[in-house]
Amino acid sequence: MTETNLIYPAEIKYFLDYYFWQNAVKLLKYQLELKRNGHKHFKKFSMFYYEKLEPIAKIVEDKDYFDKRVASGLFYGLTKEYSILPYNVPKWNGIGIRSYKFISYPLRVLFYAIGLYLVKLSQDFLLDYLTNTRERIFSYYGGKLFFEKQELQPLNKKSVYFLEHYKEFARKVRQEKGGSLKNKFVIRFDIQNYYDEISIPLLLDYLDKFVKPSTKLELRFDQTTKTQLVSFFNYLAKGKSGIPQADNDIVSSFIGYLYFTFADMMIDDELNKDNQNILTHKIIRYMDDVYVSVEFKETLEGHKRDRYVEELAFRIAEILFNKLQLRLNVKTRLYRLDNPFDVDELMKSIKKVSPGNEVIEVDDDEDEISGEIPEPEEEKLDPNEIVALLFKVLEKLKAGRLSNKFERLGEDDLERLKDVYDRPVEQVLKKTENLSQLEEIFDEQFDFDLVSISPTPIMIMILMSERATRQFREFLLTKGNLNTKELSIILNLLCQVDFNDQELLNKVKTSSHMRQIFQIFDTEDLFTSQPGYYDLNDKQALWLADKNTVIEQIRLRVESEQRGNLSHSLNHLLNEVQSILFLSDPSAIGSEITDYRVTRAQDFLNTRKVPNLISMKIKNLFDRRNTTPVSHAGNENKVSWAVNNVEYEEYYDSVGKCLKHIL
């Protein structure tokens, strides 16, 4: 048997062209360019890592690199070169944890390439969706990625930076407090663990139903591609559902937005059924923060109207659960717009919407969004007045107590802290008399744990004073075993000072939570020479680049490992090494792999002088495969039993040692 030109499910090249890879590199490079130009939004942990690698990352752009490592699907076995590691970040000003991912440079590019494929696949569908519902649905994700005439449109700040899109979303919600309010309600739906609950198989099935056949044909979007995409996202999620969250991840934002467009349409259809009771409705959404505004007809009022709103909310919750496997959390609530208190609460809720846990930075050159008539703005305060208000917030924080909502500051206070990003305010703060007042606030009595309330704005003010900075550093250096919040504060501070603080950096590195990540961060290595396929070097591993049958077994093995199905993993491990031995053995030329059994494999290992202990372990692997529940159900003459972790690791290590001799 010889390898053929058949397409295997592990081969990404079936649907992903080098063209998408090039554009993915371009997208990541543009984000790094914004970081270098001083854009605070991109001064994030991952971006510092990618920036360090830029001088050697040109190799990733090469077509030969793409063909051998990516298009072939070999990346599934390159565990160092294509790595993804979890770490936790807190939800600031409250109790809660987000799971973030630290993604190696090549894997981030691959994820972006897959994301851009989905952008191109869904583009016409999204255009139709926006056109058909433009008077009722207003949805945003914090970016604008699109192709025109086969080209990814020139990247600009609006393509990858959330602020304008977030402002437009907030403006749309604010506009709902205008007009007749007597029969008008807004329901805010908040999704529980949204990124973790997104079902890629469901998303692909919906795209299959609604994307034009001509587009699917052009982009080879069929069952093979769907299988490959599900495998890839399983690989990213370590066998779980969902999509990764990472610093400045515009692709995850887009996929999250795309998934909920189907919910938008389902909710819209549900509301359209009720035209006997509903006069108008709007769906206003930023990612998974959904506001449904409904104005009822005069014929429905009082108790009947309240009951109807409750039923409507429940119907929408059922749609989200039954059709998209999404569950609502306790933040879901109702606002009556004829009630001033509810209107005030609605306006505050917009400030609670988290645009990807990001810094909200306002540039002086920020223009109003074209095509919109801006609302009359509140009277703008003088920078000196704003600074006085900032000091009041800091004093309140210093003296305040914890509320029953686990908050120390209200939404208005938190919003006020963001004024520190305004350059005129920053300049006023740096005046001698104001620096003195900052030092008085951040004195020995200040509890620097409170920085976690709103880390970046408070840190910016601390860093304006040498004395406050020194005290803050000393406070952080005295910390013992760092928890998630403390780690995030130190990482945030390191980003503000461009990682130029070796003592704090060493403190983070010694944390058990971050040790493995910093082993990668510090190496400034793409791991192309030792990519992580067992302990083989790149030349040995790349021998497999055109060995489709082997790569398919690697993919299936990795999938099973991530799901914890070690009996399945062991079967694929044996198939993997058996295929490599078969393809390496000159005596196997012209025969079929089904005829290549343990005796022939043993003979070949002897000719290559593989050490006896390793050779015996490979022989035992053939036998052990036949005693797993996957291969054999067992009977009174032959027992089957599951594979455990220790046993699997021993066989895995032996395969690696064997391949080092063979390849």
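The values are calculated or read from the model by the stated rules, or taken from the named source; none is laboratory data. Computed from a predicted structure; not experimentally measured. Here the Cβ is made from the backbone with ideal geometry for all residues, glycine too, and neighbour counts use every protein chain on show. Ligands, DNA and RNA are excluded from the accessible area calculation, which covers all protein heavy atoms including side chains. Shrake-Rupley method; radii C 1.70, N 1.55, O 1.52, S 1.80 Å.
Label zone (Arg327, point 7 Å along Cα-to-C-beta; backbone nitrogen cut-off 12 Å) within region 182-198: 192-194, 197.
Pairs to check: Lys144/Lys240; Lys40/Lys209; Lys120/Lys418; Lys26/Lys101. Give those whose C-alpha atoms are more than 30 Å from each other in this structure.
Lys40/Lys209; Lys120/Lys418
Shape annotation for region 267-343: C-alpha extents along the principal axes are 35, 30, 20 Å, from largest to smallest. Measuring nothing but alpha carbons in region 173-268 and taking Rh as the Kirkwood radius, the Rg to Rh ratio lands at 1.09. Amide H to amide H, with H built 1.01 Å from N, Gly242 comes under 5 Å of Ile198, Ile200, counting only residues 5 or more places away or on other chains.
At 1.4 Å probe size, with every protein chain present, just tell me what the per residue accessible area of the chain comes to in Å². Per-residue value: 45 Å². Each Lys or Arg adds one and each Asp or Glu takes one away; over the other residues whose Cβ falls under 14 Å from the Cβ of Leu621, this sums to +1. Available extension along the chain between Ala399 and Glu415 is 3.9 nm, counting 0.36 nm per residue and deducting the alpha carbon span. Computed with the Debye formula from one identical point scatterer per Cα of the chain, without solvent, the log10 of I(q)/I(0) at q = 0.07, 0.08 Å⁻¹ comes to -0.56, -0.72.
Subtracting the Cα-Cα distance of Arg423 and Lys509 from 0.36 nm times their residue separation leaves 27.6 nm of extension gain.
Between Arg220 and Thr79, the simple label model (points 7 Å from Cα in the Cβ direction) yields a spacing of 2.9 nm.
Simple point charges give the picture: +1 on the Cβ of Lys and Arg, -1 on the Cβ of Asp and Glu, and for the chain a dipole about the Cα centre of about 1640 debye. For a modelled paramagnetic label at Asp17, 7 Å from Cα along Cα-to-Cβ, the residues of region 196-219 in reach, with backbone nitrogen under 16 Å, are 214-219. Considering only Cα atoms, the convex hull volume of region 94-165 works out to 157 Å³ per residue. Percent of Cα pairs in region 512-663 per distance bin of 10 Å, from zero to the largest separation: 10, 36, 35, 14, 4, 0. Dividing the C-alpha radius of gyration of region 302-350 by 2.2 N^0.38 Å, with N its residue count, gives 1.34. Quarter the surface of the alpha carbon convex hull of region 226-279 and you get the mean projected area, 5.7 square nanometres. Between Lys209 and Arg36, take the C-beta separation as r, use R0 = 51 Å, and let me know the FRET efficiency to the nearest 0.05. After rounding, the FRET efficiency stands at 0.75. Annotation: His513 carries an accessible surface of approximately 110 Å², with a 1.4 Å probe and no ligand, DNA or RNA atoms counted. Note on region 412-562: percent of Cα-Cα distances in each 10 Å bin, starting at 0 and stopping at the bin with the largest distance, equals 9, 28, 23, 15, 12, 10, 3, 0. Placing a label point 7 Å from the Cα of Thr484 along the Cα-to-Cβ direction, the residues of region 180-210 with a backbone N closer than 17 Å are 192-197. Which is the longest part of the chain that has none of the GluC sites (Glu not before Pro) sitting in a DSSP loop with at most 13 other Cβ atoms within 10 Å? In the chain, the maximal stretch lacking such sites is 136-297. Accessible surface of the chain, 1.4 Å probe: 49 percent of it comes from carbon and sulfur atoms. All other residues whose Cβ lies under 10 angstrom from that of Ala601 are scored, Lys and Arg at +1 and Asp and Glu at -1, for a net of +1.
In order along region 207-216, phi translates into HN-Hα couplings of 4, 4, 6, 10, 6, 4, x, 5, 5, 4 Hz, rounded to whole numbers, per the Karplus curve 6.51 cos²θ - 1.76 cosθ + 1.60 with θ = phi - 60° and x for Gly and Pro. Can you tell me the 0 to 90 degree angle between the C-alpha axis of helix 484-496 and the longest principal axis of the chain, rounded to 10? Between the helix axis and the principal axis of the chain, the angle is about 80 degrees. When only alpha carbons are used to place a centre, region 482-524 and region 322-354 end up 36 Å from one another.
Note on region 32-164: Kirkwood hydrodynamic radius from all Cα pairs is 17.7 Å, rounded to one decimal. Taking other residues whose beta carbon is less than 12 angstrom from the beta carbon of Leu494, and scoring Lys, Arg as +1 and Asp, Glu as -1, yields +2. Note on region 138-190: Kirkwood hydrodynamic radius from all Cα pairs is 13.5 Å, rounded to one decimal.
Compute the separation of the alpha-carbon centres of region 181-235 and region 236-303 and state it in Å as a whole number. The two parts, judged by their Cα centres, are 13 Å apart. Gain on full extension, evaluated as 0.36 nm per residue between Gln123 and Glu439 minus their Cα-Cα distance, stands at 108.5 nm.
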